[in-house]
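S.K.: Handing you this structure, nothing more for now.
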Amino acid sequence: MTFRITTLSATLICILALPVSADVLLIESIHSAPINSEEGIPRPTRSMSMDQVSQRYGQPLTAHPSVGEPPITRWEYSSYSVFFEYDLVLTSVLHR
């Protein structure tokens, strides 16, 4: 009985003595202004179609082919990229 308690105690001490680490994810704001405010960079918003994006923002500098399932397509403009699922905008991301 004493051996079990000693073994259990030693095991707990070893576990508690292990270094504890965690990753901290810091996300810096790209800019504090809302996406399409006067201070921000106007760019496509979620659920716009490819046709709406090309009519409003023009043709992309680069249009990457679709990958995966569901198909995700990326269009690159000079200061941002637009990601589509099928033909609808998922998000637009500013270049750094």
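S.K.: At a 10 angstrom cut-off on C-beta neighbours, averaged per residue, how do the peptides 59-69, 83-93 rank from highest to lowest? Kindly include the intermediate steps, with their values, before the conclusion.
M.R.: Details: 59-69: 10.9, 83-93: 16.0.
Sorting 59-69, 83-93 by mean packing, highest first, produces 83-93, 59-69.
S.K.: Take His95 and Ile72, extend 7 Å from each Cα along the Cα→Cβ direction, and tell me the distance between the two endpoints in nm.
M.R.: In this crude label model, His95 to Ile72 measures out at 2.0 nm.
S.K.: Continuing with this model, one more query. Expressed in nm to one decimal, what extension gain is obtained for the pair Tyr86 and Gln55 from 0.36 nm per residue of sequence separation less their Cα-Cα distance? Let's see the in-between values first.
M.R.: Working: separation 31, 0.36 × 31 = 11.16 nm, distance 1.76 nm.
Gain on extension, Tyr86 to Gln55, equals 9.4 nm.
None of the figures in this text is laboratory data; all of them are computed from the coordinates on show. Source: prediction; values computed, not measured. Glycine also receives a Cβ, built like all others from the backbone with ideal geometry; neighbour counts cover every protein chain displayed.
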